[in-house]
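The structure under discussion appears below in the form of structure tokens.
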Amino acid sequence: MTIDIQPKGQLHDGYTTRSIHVGSEPDPISGAVVPGLSVATTFVQDGVDRVRGGHDYSRSSNPTRSILEELITSLETTPAQRDHHHDQSGGESLVFASGSAATAALASWVSLATVEGGAGGSDGSNGGGGHILAINDVYGGTARYLSRAARSTGLEVTYFDFEKAGEQEIRAAIRPDTRLIWLEVPTNPLLIVPPLPLIAEIVNSLPQETRPLIVVDTTFLSSFYFTPLVSQAPGLPPVGDIVLSSLSKYSGGHSDIILGSLTIAPHARAIRPHLVQGLRFVQNSHGGIPSPRDCHLMVRSLKTLSVRTLRHGLGALRVAHWLSQQPEVDVVRYPGLASSPAFHHIEQLLSPNARRELEFLGWSFPFKPRSATPSNTLEYVKTIGIPFGGVITFTLKDASEEQTDKFVTNLRLIALAESLGGVESLIEVPYGMTHKAIPADHRAAIGITPNLVRLSVGIEDVEDLIADLERGLQRLNN
């Protein structure tokens with residue numbers, strides 16, 4: 001029998017193999033199995049404007065940052081999309097100092113003149129203005145930047161309820177100067193899953209040279225669960241053009257790195273040939289770049305992304321199911337629960353990699369609820385839904401602000417803190433914490449109430465987390 005041995009980093013390797021080996025080939029001189037850390041700010045040139053090794057100054061590019069960008073691209077795209085990276089027609093990633101810096105760069109690109117690689121603003125040429133159609137339940141930091149910080153550029157933002165809108169309403173909301181459709185999957189904090197296939201179908205039916213690009217923020221899932229730049233099933237087109245991610249969350253996974261990224265699909269570059277050029281111009285001009293040390297740590301963290309996020313999802317599915325059975329809890333939102341209104345979207349959006357991992361564990365697709373004796377066994381877990389990220393939101397039944405505060409401050413293991421996606425479980429109240437910057441009337445209108453709680457399920461033993469939550473619920477009325 002002949003075994004075909006492929007070199008490490010081969011484009012066709014599996015997702016987890018790529019996460020470990022892409023950009024991390026052993027050093028040819030020292031033999032080190034971990035890539036070196038390049039902290040240099042500047043690089044020797046072979047002559048005037050003759051760059052050696054592709055780097056001149058670390059604000060513009062850095063060897064360690066380039067490794068991370070190559071790795072992220074390998075996880076967000078297909079082999080065919082990666083094949084043409086070097087001829088400027090393949091997928092490409094840019095990393096930033098934070099998810100908010102990535103947001104700012106993308107918003108700035110909308111108003112940037114086309115001569116610099118931008119979208120050209122309102123008139124599609126000279127820059128200034130432009131329009132973004134954003135989902136109404138958007139991260140508070142994103143809303144703060146788009147509605148307030150970017151307003152001085154003339155940028156306009158419309159917040160739209162994609163979840164309840166039909167085809168005609170979506171078409172009517174897209175303006176001639178709409179440059180981006182800004183989505184989150186799922187949204188923060190209500191975990192809404194918008195009808196992405198419908199949105200993509202509508203956008204793709206518009207004239208390609210002027211249609212808006214679809215931006216999908218996948219922070220709550222990571223590329224393990226969802227890759228919108230990739231077809232999720234044979235015959236289905238990709239549902240996104242640009243992926244935005246706060247890498248600080250699941251990709252970093254240890255609550256010790258702040259980074260963000262943008263990944264551009266090849267088909268988006270075909271529509272906007274100067275898109276990457278414009279984004280790199282903005283990145284270099286703003287200077288919102290990450291340190292080489294943070295990039296080095298992120299490369300390390302991505303090597304364990306698969307095993308961590310799968311455990312996050314398995315734990316969250318069990319905790320969400322338990323919460324849904326508690327009398328003190330009114331509404332539980334977790335898209336992976338079979339009882340969730342968003343569940344019918346999940347099988348369409350689940351990445352080929354996550355599907356393969358779950359099939360190995362015994363899940364079957366299409367998902368069919370079946371009976372099983374309640375227990376902590378995997379067989380029972382497979383009857384209640386599909387793991388789809390590690391975040392749950394729920395409302396405490398008839399709880400006041402004081403009672404909600406009492407609940408979240410009386411847990412032993414689960415820490416009251418913003419952010420999510422770390423190995424430790426975190427809990428917060430969006431109304432008074434992460435989404436406080438959103439006007440109160442808008443929070444009320446979309447359902448961000450004072451008794452809404454967001455829980456990021458870590459990778460602790462689920463039984464311990466449930467016991468902690470149970471103690472907290474018991475103290476609500478004591």
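Quick note: the coordinates plus some simple rules give every number you see, no bench work behind them. Since we're looking at a predicted model, the values are computed, not measured. Every residue, glycine as well, gets a Cβ built from its backbone with ideal geometry; the counts of neighbours run over all protein chains shown.
Could you grab the relative contact order for the range 172-267? Cα pairs under 8 Å, six or more apart, rounded to a whole percent.
Dividing the mean separation by the residue count of the range 172-267 yields 23 percent.
Look at the dipole of the chain built from charges on Cβ: of H296, P387, I446, the Cα furthest out on the positive end belongs to H296. Rounded to the nearest 5, the antiparallel percentage of DSSP beta bridges internal to the chain is 60%.
With the charge dipole of the range 167-285 set up from +1 on Lys and Arg Cβ and -1 on Asp and Glu Cβ about the Cα centre, the Cα lying farthest toward the positive end among the listed residues S248, L221, L259 is that of L259. Fully extending the segment from D398 to A32, taken as 0.36 nm per residue of separation minus the present Cα-Cα distance, adds 125.9 nm.
Counting charges near F226 (Lys, Arg +1; Asp, Glu -1) among other residues having Cβ under 15 Å from its Cβ returns a value of -3. Along the range 359-370 the Karplus relation, 6.51 cos²θ - 1.76 cosθ + 1.60 evaluated at θ = phi - 60°, assigns HN-Hα couplings of 5, 4, 7, x, 5, 10, 10, x, 5, 10, x, 9 Hz to successive residues, with x for each Gly and Pro. Per-residue extension of 0.36 nm, minus the Cα-Cα distance of Q45 and L476, leaves a gain of 148.6 nm for this segment. Coupling constants for the range 461-476 follow from the phi torsions by the Karplus curve (6.51 cos²θ - 1.76 cosθ + 1.60, θ = phi - 60°), and in residue order they are 5, 4, 4, 5, 5, 5, 4, 5, 5, 5, 4, x, 5, 5, 7, 3 Hz; glycine and proline get x.
Rounded to 0.05, the FRET efficiency of the A172 and T409 pair, given R0 = 30 Å and the Cβ-Cβ distance, is 0.10.
Each residue, A437 and Y380, gets one label point 7 Å from its Cα in the Cβ direction; the gap between the two is 4.3 nm.
Tell me the net charge near S255. Cut-off is 15 Å between Cβ atoms, S255 excluded, with +1 for each Lys or Arg and -1 for each Asp or Glu. Write out the running numbers ahead of the final one.
Details: positive: K249, R300, R308; negative: D256, D294, E418, E424, E428, E460.
Local net charge: -3.
With both partners inside the range 42-199, how many of the DSSP beta bridges are antiparallel, as a percent to the nearest 5? Percent antiparallel among DSSP bridges in the range 42-199 is about 25.
The amide H of V331, built 1.01 Å from its N in the peptide plane, has T395 as neighbours under 5 Å, considering only residues 5 or more places off or on other chains. Close amide H contacts of V239 (hydrogens built in the peptide plane, cut-off under 5 Å, sequence separation of 5 or more or a different chain): V230. Remark on E92: its backbone amide H falls under 5 Å from those of I264, a criterion applied only to residues 5 or more positions apart or on other chains, H modelled at 1.01 Å from N.
Pop the C-beta distance of A149 and R52 into the FRET formula with R0 = 30 Å and round what comes out to the nearest 0.05. Present the calculation step by step, with values, prior to reporting the outcome.
On the way: r = 38 Å, r/R0 = 1.27.
After rounding, the FRET efficiency stands at 0.20.
Phi angles of the range 380-390 translate, via the Karplus equation with coefficients 6.51, -1.76, 1.60 and θ = phi - 60°, into HN-Hα couplings of 6, 4, 5, 8, 9, x, 10, x, 8, x, x Hz per residue; Gly and Pro are given as x.
Given Cα pairs under 8 Å that are at least 6 residues apart, what percent is the relative contact order of the chain?
Values: 935 pairs, mean separation 71.8, N = 478.
Computed value for the chain: 15 percent relative contact order.
Ordering V423, V44 from the fewest to the most neighbouring beta carbons within 10 Å gives V44, V423.
Between the beta carbons of L198 and S339, assuming R0 = 22 Å, the FRET efficiency works out to 0.45 to the nearest 0.05.
Just the number, please: percent antiparallel of the DSSP beta bridges in the range 130-272, rounded to the nearest 5.
Numbers: 5 of 22 bridges.
Just about 25 percent of them are antiparallel.
What pairs from K249/K382; K164/K368; K164/K406; K368/K397; K397/K436; K249/K368 go past 28 Å between their alpha carbons? Working shown, then result.
Numbers: K249/K382 26 Å; K164/K368 26 Å; K164/K406 34 Å; K368/K397 30 Å; K397/K436 21 Å; K249/K368 31 Å.
Beyond 28 Å: K164/K406; K368/K397; K249/K368.
So what's the back-of-envelope 222 nm ellipticity for the chain, counting only DSSP H runs of four-plus at -39500 (n - 2.57) apiece and dividing by all residues, rounded to 500? Before the final figure, lay out each step's value.
Numbers: 18 runs with 163 residues, N = 478.
After summing the helix terms and dividing by the residues of the chain, the value is -9500 deg cm²/dmol.
Each other residue within a Cβ distance under 12 Å of N477 adds +1 if Lys or Arg and -1 if Asp or Glu, for a net charge of 0.
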